[in-house]
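See below for the structure under consideration.
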Amino acid sequence: MTIARILPLTDLSECCSLGTGPLSTEESERYAALFKVLAEPVRLRILSNLAAGGCGPVSVNELTDMMGLSQPTISHHLKKMTEAGLLERVPEGRTVFHRIRPELFGELRTVLQIG
């Protein structure tokens, strides 16, 4: 496992705010729930595979081939990510594709932005 190196913060003015300001109780609970869903290595791998493909729709079978995991495992994680609102389902005929909801990740990026 690789451990990220944390550099010292030498200029405290660079760390003056988190996102757009203090979070409300409701916002913090919502974001905590989203991060909890993402705090699973397989889900992060799914997310990175979707992003690497340009965030376009990908089927369960395609993800199964890409990741070398079983179809039930992939489906379980896709369901959790979709229920959390991180992904959306795109049915096409008998196949269901999943894709990233970029607007939600833009929102999460804003929350995490420090400075």
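Here, each number is a calculation from the coordinates, and none is a lab measurement. For clarity, every value in this text was computed on a predicted model and none was experimentally measured. Reconstructed Cβ throughout: ideal geometry from the backbone, glycine too, with neighbour counts over all protein chains shown.
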Inset, instruction - Could you check how many residues of segment 46-66 are more than 16 Å from R89 (Cα to Cα) and either touching a Pro at 6+ places or on another chain (Cβ under 7 Å) or surrounded by 16 or more Cβ atoms within 10 Å (Cβ to Cβ) (or both)? - result: 2
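When segment 76-108 is examined, which residues are found to be over 28 Å from S28 (Cα atoms) and not aromatic (F, W, Y)? Before the answer, list the steps.
Start the filter on segment 76-108 by keeping residues that are over 28 Å from S28 (Cα atoms), which leaves 90-97.
The answer is V90, P91, E92, G93, R94, T95, V96.
Which helices (runs of 4 or more DSSP H) sit wholly inside segment 31-112 and have at least 1 residues that are within 30 Å of G21 (Cβ to Cβ), over 12 Å from the mean Cα position of the chain (by Cα) and among the polar types (S, T, N, Q)? Reasoning before the result, please.
Numbers: elements: 41-52, 60-67, 71-83, 102-112.
Per the criteria, 102-112.
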